[in-house]
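> Questions regarding the structure given below will be posed in turn.
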Amino acid sequence: MMPRLAAVLACVLGLWLVALPSAGADPVDGVSPVVVPTGAGPEQFGPGDAIRYAEAHPDIAPPGANDFGCRPSPGTLPVVLAHGTDTAAYTDWAGLSPRLKRAGYCVFAPNYGGRPGADHYGTEAISTSAVQFRDFVDRVRAATGAAEVDVVGFSQGATMSRYYVNKLGGADAVRRWVGLASPTYGGVMYGLVPLVRAIPGGVDAVQDFTSLAVVEQMANSDFLAGLNAGSDTVPGVQYTTIGSRYDEMIQPNSNIALRGPGAVNIIVQDLCPIDMSGHFNMVYDQFAQQLVLNALDPTRAVVPECRFVALGTGIPDVVLAANF
């Protein structure tokens, strides 16, 4: 029974898993070093196309990202993007990165948290990935001369970068933190996570089938309990979450929201009920992208155009692109 249950859970959790070609880095202390992709690639408007392009171009960077000669334009800070689980910078940010660049930002996006010998990123201990992210942010600050940066994270990237901000001293280096589809309090994955926890060895089986980072993002995980203990925000940082009522991974969707002082929590459907984007389409949703731009610079905020987006948009294409 356990293998069947693990397989069912993997069907849900496995949508997180997007295998990408290896960047060829040597493992260091059990985790591959941060990879900074530099190849020039096209702007994308959906996750499936981004996955397919990345599979054929392993060193591809999101358009406009990782130019260490960039200097922030007046009134802006460098923006550092953090990808999700089992993805990479290009697959998650090939839509938002060029929009940020056109808006005058210096944009940076690493590939972090890779398993030694594997060909994808964001699978290992989130705390370890956060150390890598901290070092990358320090490199960005040194190169650009900026005392602070703004951070945008998607899915695990939101949680990982918040760990950096809250637990590794990142509050001194980050002005604004924006989390898209952030698993702040984890997900029960349509009730499957409690079932897995009830079976002896169930969590270990899921970790073996997926990754440690997936297990750490389950609701009531020890990792999330430690991250959120006391308060899920710290003073000095402006926090914004952007989520969806139709998130396929974070159930209940109220687990996306931060609860600490000063947090701004936005639900896309509160502003545009006909946009039913969920977890996997969030970073490519034009409405959500504009909300990110508004959060980064409220003085230039504009009301996004509300357009119909069908429920489940992006999911079939992600599954096909990742597996066929």
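Taken together, the values in this text are just the output of simple stated rules run on the coordinates, not laboratory data. In this text, all values refer to a predicted model and were calculated from it rather than measured experimentally. Cβ placement follows ideal geometry from the backbone for every residue including glycine, while neighbour counts extend to all protein chains displayed.
> Where the centre of each part is set by its Cα atoms, how far does the range 31-68 sit from the range 109-161, in angstrom?
Using only Cα atoms to place each centre, the spacing works out to 15 Å.
> Sort Cys306, Cys106 by Cβ crowding within 10 Å, fewest neighbours at the top.
Details: Cys306 14, Cys106 26.
Ordered from fewest to most neighbouring Cβ atoms within 10 Å, Cys306, Cys106 come out as Cys306, Cys106.
> How high is the FRET efficiency between Ser73 and Ala225 when r is their beta carbon distance and R₀ equals 35 Å, given to the nearest 0.05? Please list the in-between numbers first.
Values: r = 41 Å, r/R0 = 1.16.
Efficiency, from the Cβ-Cβ distance: 0.30.
> Under a 5 Å amide H to amide H cut-off, with H placed in plane at 1.01 Å, what residues pair with Val264 once short-range neighbours are removed?
Hits under the 5 Å cutoff: Tyr239, Thr240, Thr241.
> Given a Förster distance of 35 angstrom, what is the FRET efficiency for Leu320 paired with Ala147, based on the Cβ-Cβ distance and rounded to 0.05?
Numbers: r = 44 Å, r/R0 = 1.26.
Efficiency for this residue pair is about 0.20.
> When you count, for each residue, the other Cβ atoms within 10 Å and take the mean per peptide, how do 240-247, 225-232, 62-69 rank with the highest first?
On the way: 240-247: 22.9, 225-232: 14.6, 62-69: 19.9.
Peptide ranking by packing, descending: 240-247, 62-69, 225-232.
> Now for a different question. Among the trypsin sites (Lys or Arg not before Pro) in the range 250-320, which ones are in a DSSP loop with at most 16 other Cβ atoms within 10 Å of the Cβ? Mind listing them?
Values: sites: Arg259, Arg300, Arg307; in loops: Arg259, Arg307.
Sites meeting the loop and neighbour criteria: Arg259, Arg307.
> Beta carbons within 10 angstrom, averaged per residue: use that to sort the peptides 42-48, 154-160, 211-217, 197-203, highest first.
Working: 42-48: 18.3, 154-160: 29.3, 211-217: 24.1, 197-203: 13.3.
Order by mean packing, descending: 154-160, 211-217, 42-48, 197-203.
> Under the rule of at least 5 residues apart or a separate chain, name every residue whose amide H is placed under 5 Å from the amide H of Glu43.
none
> So how many Å³ per residue does the convex hull of the Cα atoms of the chain work out to?
Numbers: hull volume 39.6 nm³, N = 324.
In the chain, the Cα hull volume divided by residue count equals 122 Å³.
> Under the definition of Cα pairs under 8 Å and six or more residues apart, what whole-number percent is the relative contact order of the chain? Please list the in-between numbers first.
Working: 715 pairs, mean separation 58.3, N = 324.
Once divided by the residue count of the chain, the mean separation gives 18 percent.
> Just name one of Tyr164, Thr76, Trp177: the one whose Cα is farthest towards the positive end of the charge dipole of the range 2-323 (beta-carbon charges, Lys/Arg +1, Asp/Glu -1).
Thr76
> A further question on this structure: Treating only the Cβ atoms of Lys and Arg (+1) and Asp and Glu (-1) as charged, compute the dipole magnitude of the chain about its Cα centre; round to the nearest 20 debye.
Working: 19 positive and 29 negative charges, 125 e Å.
Roughly 600 debye for the chain.
> Let me ask something else. Taking every DSSP beta bridge that has both residues in the chain, what percent is antiparallel when rounded to the nearest 5?
15
> For Asp275, which sequence-distant residues (separation of 5 or more, or a different chain) have an amide H within less than 5 Å of its own amide H, given hydrogens modelled in the peptide plane?
Here the answer is Val309, since their amide H atoms fall under 5 Å of that of Asp275.
> Would you order Asp297, Asp86 from fewest to most other beta-carbon atoms within 10 Å of each residue's own beta-carbon? List each step's numbers first, then the result.
Numbers: Asp297 16, Asp86 29.
Listing Asp297, Asp86 from fewest to most nearby Cβ atoms yields Asp297, Asp86.
> In what order do Ser32, Ser254, Ser221 fall by count of nearby beta-carbon atoms within 10 Å, going from fewest to most?
Numbers: Ser32 26, Ser254 14, Ser221 20.
With the sparsest Cβ surroundings first, the list reads Ser254, Ser221, Ser32.
> To continue, here is another question. Mark the label point 7 Å from the Cα of Ser127 along Cα→Cβ and return the residues of the range 77-108 whose backbone N is within less than 20 Å of it.
Under cut-off, by backbone N: 85.
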